[in-house]
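Data block below; observations after.
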Amino acid sequence: MGGERDSVDEIIDGWKVERPDLDVRPVGIVTRIGRLRARLDTELAAVFDRYDLTPADFEVIVTLRRCGEPFRLPQARLMTRLGLTSGTVSVRIDRLVNKGIVARERDERDARVTFIGLTEQGHRLFEDVAPVHLRNEDRLLSALDDGERDQLAGLLRRLLTSLERDTVDVARPLGLLLEPAPLARARRAAVGLSDVAGLLVLEVSPGTAAALAGVAGGDLLVAVDDRPTRDGASLHAALAAARATATLRLLRGDREVALTIATDR
């Protein structure tokens with residue numbers, strides 16, 4: 001693909017000279033995501049700094065604002081939504097409580113439960129910061145038009161979904177519970193099997209199309225009718241394009257297996 005070169009292109013070029021045997025194509029994606037994140041974090045933090053906030057502070061504020069009236073959550077649920085430990089979330093909340101942005105409230109029915117809610121000051125702060133923050137985000141994406149932004153968002157969503165989910169459930173119509181490709185590859189590597197992208201079969205529901213076709217736990221589903229299956233989206237797209245039957249291409253260990261399955265059951 002043409003266009004301007006960036007700092008990651010130089011890294012890739014260097015490896016092509018030093019180690020042409022290595023497939024460094026993932027570097028072009030993973031390293032760019034990392035460098036973009038570092039740049040974006042710096043630019044976003046500059047806006048929050050004007051309001052004496054950190055990005056972590058704003059994350060708490062928007063999480064509470066987004067949950068709807070009365071704009072409060074049990075501390076344990078807030079911790080889960082932020083993906084933090086109890087100790088880390090307590091430190092964040094303490095800082096915001098001291099600034100008067102959020103308040104702690106005991107549940108009247110259960111003293112063991114503590115709610116964290118936005119104060120009036122917290123509401124006003126959100127209304128001041130949010131529009132400025134969104135304009136800043138839009139500015140940082142200026143190189144992309146609306147169509148390109150939608151395309152990039154779709155690809156990033158697909159990649160994030162493959163890493164966030166522990167399983168891909170296609171109980172209907174096939175009757176399979178599958179493990180996404182990133183986890184499946186790690187599991188196969190741990191037992192010395194070939195490194196192939198696919199969906200690992202965790203469970204096969206009895207009496208379903210997959211069971212009748214002979215799919216077994218531990219099989220790696222790599223394609224449906226020659227369409228690669230790397231995540232839930234690609235699998236569902238392949239099934240949608242199939243006729244009454246489809247050919248599942250599997251690895252059983254490292255042995256290739258092809259099974260015909262009814263997709264209209």
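Tallying residues that are over 26 Å from the mean Cα position of the chain (by Cα) and surrounded by 10 or more Cβ atoms within 10 Å (Cβ to Cβ) within the stretch 20-42 yields 1. In the stretch 51-60 there is at least one residue matching the filter, namely being out of contact with any His (no Cβ under 9 Å at 6 or more places or on another chain) and farther than 30 Å from ARG112 by Cα.
Collect the residues in the stretch 1-38 that are touching a residue at least 24 places away in the same chain (Cβ under 8 Å) and under 19 Å from LEU141 (Cβ atoms), keeping them in residue-number order. Across the stretch 1-38, the qualifying residues are ASP6, VAL8, ARG32, ARG35.
Taking the stretch 54-108 as the range and being assigned to a helix (DSSP H, G or I) and within 15 Å of ALA130 (Cα to Cα) as the test, the residues that pass are PRO55, ALA56, ASP57, PHE58, GLU59, VAL60, ILE61, VAL62, THR63, LEU64, ARG65, ARG66.
Checking each residue in the stretch 208-231 for being of a type outside the set (Asp, Glu), touching a residue at least 40 places away in the same chain (Cβ under 8 Å) and in contact with a helix residue (DSSP H, G or I) (Cβ under 7 Å, 6 or more places away or on another chain) picks out only ARG230. Residues that are of a type outside the set (A, V, I, L, M) and either at pLDDT below 90 or over 30 Å from ILE101 (Cα atoms) (or both) number at least 1 in the following helices (runs of 4 or more DSSP H) confined to the stretch 125-239: 146-164, 181-190. Evaluation of GLY253 against the conditions (1) out of contact with any Gly (no Cβ under 9 Å at 6 or more places or on another chain); (2) of a type in the set (Gly, Ala, Ser); (3) surrounded by fewer than 19 Cβ atoms within 10 Å (Cβ to Cβ); (4) touching a residue at least 24 places away in the same chain (Cβ under 8 Å) shows that the sole unmet condition is (1). Those residues that are among the hydrophobic types (A, V, I, L, M, F, W, C) and surrounded by fewer than 18 Cβ atoms within 10 Å (Cβ to Cβ), I need them from the stretch 213-241; list them, please. Scanning the stretch 213-241 gives ALA216, ALA233, ALA237, ALA240, ALA241.
State whether the residues of the stretch 184-198 include one that is of a type outside the set (Phe, Trp, Tyr), over 29 Å from the mean Cα position of the chain (by Cα) and closer than 26 Å to THR161 by Cβ. No, every residue in the stretch 184-198 fails to be of a type outside the set (Phe, Trp, Tyr), over 29 Å from the mean Cα position of the chain (by Cα) and closer than 26 Å to THR161 by Cβ. Could you check, for the stretch 62-81, whether at least one of its residues is in the same structural domain as GLY122 (by TED's automatic domain parsing) and in contact (Cβ under 8 Å) with a residue 60 or more places away in the chain? Scanning the stretch 62-81 turns up at least one residue that is in the same structural domain as GLY122 (by TED's automatic domain parsing) and in contact (Cβ under 8 Å) with a residue 60 or more places away in the chain. Considering the conditions (1) surrounded by fewer than 12 Cβ atoms within 10 Å (Cβ to Cβ); (2) within 30 Å of LEU134 (Cα to Cα); (3) not hydroxyl-bearing (Ser, Thr, Tyr), VAL17 is excluded by exactly one of them, (2). Just the residues that are out of contact with any strand residue (DSSP E or B) (no Cβ under 8 Å at 6 or more places or on another chain), surrounded by 11 or more Cβ atoms within 10 Å (Cβ to Cβ) and at positive phi, please, taken from the stretch 68-126. GLY100 - this is the single residue of the stretch 68-126 that is out of contact with any strand residue (DSSP E or B) (no Cβ under 8 Å at 6 or more places or on another chain), surrounded by 11 or more Cβ atoms within 10 Å (Cβ to Cβ) and at positive phi. Does the stretch 123-138 contain at least one residue that is within 19 Å of the chain's Cα centre (by Cα) and among the basic types (Lys, Arg)? No, that holds for no residue.
The values are calculated or read from the model by the stated rules, or taken from the named source; none is laboratory data. What you are looking at is a predicted structure, and each value in this text was computed from that prediction instead of being measured. Glycine also receives a Cβ, built like all others from the backbone with ideal geometry; neighbour counts cover every protein chain displayed.
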